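Data first, discussion second: the structure below is written as structure tokens.
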Amino acid sequence: MSIEKMNKKCSMTIAGLDPSGGAGIIADCKTFHAHGIYATCVVTAVTAQNPYCVTGIDGVDLDLIESEIDEILSVYPIRYIKTGMLYSGDIIKLVSRKIKEYDLRAVVDPVMVSESGGDLTGNSFIEYMNKYLVKNSFIITPNIHEAEKLSNKTITSEEDMISVAEKLSKDNSVVITGGHMQGNDILYCDDEIFRIEGKLINSDNTHGTGCTYSSAITSRLIEGYNLYESCKKSNEFIRNSIKYGFNKTPYQFWKNIEF
């Protein structure tokens, strides 16, 4: 491998395909590219959806998913990855094993339900997520609803967000996004709580925001920022992506808009 190739910044997303491009691996890749990161992707499931509904979903064969991961990592010098919709317990187990095998730092977006309300997971998803993937993650990025399911606790305030973040951070760092509350994110890392101030945007461009946000964090980590700086900058990135989005989706390339 050449020195030039070794110095390239690149990452990998392991997630499902949203053919409308608003969420999933397409949103992840657009976000990576917006940050100057070369994007590779591993498809875990194929969906039939758009920003308004999910009408079909099917998981990819486990052997093929493993081959996707192995072939990419045999060529690209990837340290940080992100995971999105993994769909089934068996896929979660496989991805967790590959994270350990390749000593990867994983930003885990525990996707469970689409913005349109479609269930994107199979049976035993939460059990497998907590047992395998959460403990092998670098940071998890649940929204309020996902954090409630992972912790089996109700969140009605920022104090609840802090309590749940502490509970979920036994083996990793946690940032709970506040888009379903006041807009502030709660980050728990290195035994400290950080409140990242956000601002709710009067917009319905929210399809794929979790994917975009976690990919932005991954990109910032690759650029060398610490977790707090990565989450703070990604909070700003997702707010502007929502602000300049369209058709219920964020616009990941908002920085290229001519004002």
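Values in this text are rule-based calculations from the coordinates and carry no lab data. In this text, all values refer to a predicted model and were calculated from it rather than measured experimentally. When we count neighbours, we look across all protein chains shown, and the Cβ atoms used for this are built from the backbone with ideal geometry, even at glycine.
Side notes on the structure shown:
- Close amide-amide hydrogen proximity is noted between Ile57 and Ala48, each under 5 Å apart and 5 or more residues distant or on a separate chain (H modeled in the peptide plane; Pro and chain starts excluded).
- Taking a straight line from the alpha carbon of Lys8, these lysines sit under 21 Å away, with near neighbours fewer than eight places off in the same chain left out: Lys30, Lys82.
- More than 23 Å apart - percent of Cα-Cα pairs taken over the chain: 46 percent
- 5 angstrom amide H check on Tyr251, placed H, neighbours 5+ away: Ile242, Tyr244, Gly245, Phe246
- Over the chain, relative contact order from alpha-carbon pairs under 8 Å, at least 6 apart, %: 18 percent
- Restricting the stretch 145-203 to trypsin sites (Lys or Arg not before Pro) in coil, as DSSP defines it, with at most 15 other Cβ within 10 Å: Lys153, Lys170, Lys199
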